Every structure is written in C-alpha cells, then in structure tokens.
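Notes for the one structure printed next.
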Amino acid sequence: MSLAKVGQPAPSFSAPIAYASDAPAGPVSRTALSDHQGKWVIFFWYPLDFTFVCPTEITALSDRYEEFQELGAEIIGASTDSVYSHRAWLRTSRKDNGIEGVKFGIISDMTHQIAADYGVLIDGEGIALRGLFIIDPDGVLQYSTINSLNVGRSVDETLRILQALQSGGLCPSDWKPGQKTLKPGE
C-alpha cells in the first residue's frame with residue numbers, strides 16, 4: 001500500500017546512491033530525503049537501467065539540471081537496480097544507450113520498500129513504474145504522477161508544475177511562469 005499522498009509528508013527514505021563521479025568499486029554513498037530538507041525535490045522513478053525510454057528521460061532532466069537548481073530544486077532518480085548497475089550505466093556513453101554525464105544521483109532500492117511506499121512498485125516483477133514526485137522544502141508531497149512503462153515524461157511539464165507550485169497562486173490550465181494566477185471569486 002502506497003504511503004505517498006499529496007498534501008501529506010512524503011515517505012522518508014535512506015538508500016544507497018550512485019553518482020557519475022563514483023569509482024566503479026569505490027565506497028557506496030547514501031542519501032536520505034531528510035538530507036534535502038529546505039529544498040524542493042524532484043524525485044522520479046524509472047523501471048530499469050540499460051533500457052530504451054529511461055535514458056531519454058534521465059538525460060533530458062540532466063541536460064536541464066541548472067534550471068531546476070535555479071528554482072531551488074534537487075533531482076533524485078531511483079530504480080530497483082543495484083548501485084553497481086547504476087554506476088556502470090552512468091559510465092556508459094549516451095551513444096551506447098547510457099547516461100554518461102548525468103548531474104544528479106540515482107538511488108538503489110533493491111529492497112523495493114521505497115518503491116512500495118511511493119506506490120510505483122509492480123508487484124511480482126520487482127521493478128517500478130514511471131513515477132514523478134515533487135516534494136516541497138518542508139518535506140510535504142505536493143505533486144505525484146505515475147504512468148506506464150512505455151511513456152516518457154516531459155521535462156517542460158515538470159518545470160512548469162514546479163514553478164506553478166512555487167507561485168503560491170491558483171494556476172489555471174496551461175498556466176506558464178509570468179502569467180497571472182487566479183484569484184478566488186474572479
């Protein structure tokens with residue numbers, strides 16, 4: 001049963017994390033949601049390393065990483081693969097279906113507990129659906145979307161949703177930064 005509910009504290013986690021700069025057999029770092037307190041967190045799930053749609057999403061987010069940082073947001077990727085698989089994929093060139101040069105870390109959830117807590121675990125398969133969660137600086141889950149394995153997510157839409165949440169206003173359909181927000185009664 002998913003513990004992740006919009007408007008509620010995001011499920012906490014502590015997990016091994018891989019970075020592009022990690023040595024193949026070096027010590028394993030860990031991260032926790034609490035390490036990112038005071039920042040917006042874009043926490044996304046993908047099914048498996050070395051697949052087809054996943055690198056398109058991950059590299060697209062990485063290519064626009066600075067835009068997220070300018071908005072006070074950190075990005076954390078996650079799958080149920082091992083940290084060693086993540087490290088190998090992070091060292092594989094993009095032309096070879098890798099994600100070399102990715103600017104954020106990817107956690108390993110081999111126990112499947114975090115995936116279950118966020119409602120993305122496919123029971124019996126041990127892999128995650130494509131889930132994207134936006135967590136505010138106070139640790140409250142503000143946005144959640146989960147979709148099937150074969151459809152990648154939009155970086156533009158993720159940025160738009162983050163900016164809408166940060167606006168503090170009532171944002172109509174297709175709202176974009178710089179546009180007016182709605183006021184009750186208008």
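Scan segment 144-186 for residues that are among the acidic types (Asp, Glu) and on the phi > 0 side of the Ramachandran plot and the total you get is 1. Taking (1) within 15 Å of the chain's Cα centre (by Cα); (2) among the small types (Gly, Ala, Ser); (3) surrounded by 16 or more Cβ atoms within 10 Å (Cβ to Cβ); (4) over 15 Å from residue 132 (Cβ atoms) in turn, residue 12 satisfies each apart from (3).
Is one or more of the residues making up segment 66-76 of a type in the set (Gly, Ala, Ser), surrounded by 16 or more Cβ atoms within 10 Å (Cβ to Cβ) and either within 19 Å of residue 13 (Cβ to Cβ) or touching a Ser or Thr at 6+ places or on another chain (Cβ under 8 Å) (or both)? Yes, because at least one residue in segment 66-76 is of a type in the set (Gly, Ala, Ser), surrounded by 16 or more Cβ atoms within 10 Å (Cβ to Cβ) and either within 19 Å of residue 13 (Cβ to Cβ) or touching a Ser or Thr at 6+ places or on another chain (Cβ under 8 Å) (or both).
Could you please let me know if residue 85 is of a type in the set (S, T, N, Q) and within 12 Å of the chain's Cα centre (by Cα)?
no
Take the residues in segment 130-154 that are of a type in the set (Ser, Thr, Tyr) and outside any strand (DSSP E or B); name whichever of them is modelled with the highest pLDDT.
154
For segment 107-118, the condition of being in a helix (DSSP H, G or I), out of contact with any strand residue (DSSP E or B) (no Cβ under 8 Å at 6 or more places or on another chain) and of a type in the set (A, V, I, L, M, F, W, C) holds for at least one residue. Residues of segment 108-117 include at least one that is among the β-branched types (Val, Ile, Thr), buried (at least 19 other Cβ atoms within 10 Å of the Cβ), at pLDDT 95 or above and over 20 Å from residue 73 (Cα atoms). Residue 53 fulfils the conditions (1) of a type in the set (A, V, I, L, M); (2) farther than 19 Å from residue 22 by Cβ; (3) modelled with pLDDT of 95 or more; (4) surrounded by fewer than 19 Cβ atoms within 10 Å (Cβ to Cβ) except for a single criterion, (3). Name the residues in segment 16-39 that are assigned to a helix (DSSP H, G or I) and not small (Gly, Ala, Ser), would you? Across segment 16-39, the qualifying residues are 33, 35, 36. Residues in segment 64-94 that are more than 26 Å from residue 157 (Cα to Cα), in a helix (DSSP H, G or I) and not hydrophobic (A, V, I, L, M, F, W, C): 84, 85, 87.
The values are calculated or read from the model by the stated rules, or taken from the named source; none is laboratory data. Remember, it's a predicted structure, so these values are computed and weren't measured experimentally. Don't worry about glycine lacking a Cβ; one is built from the backbone with ideal geometry, like all the others, and counts go over all protein chains shown.
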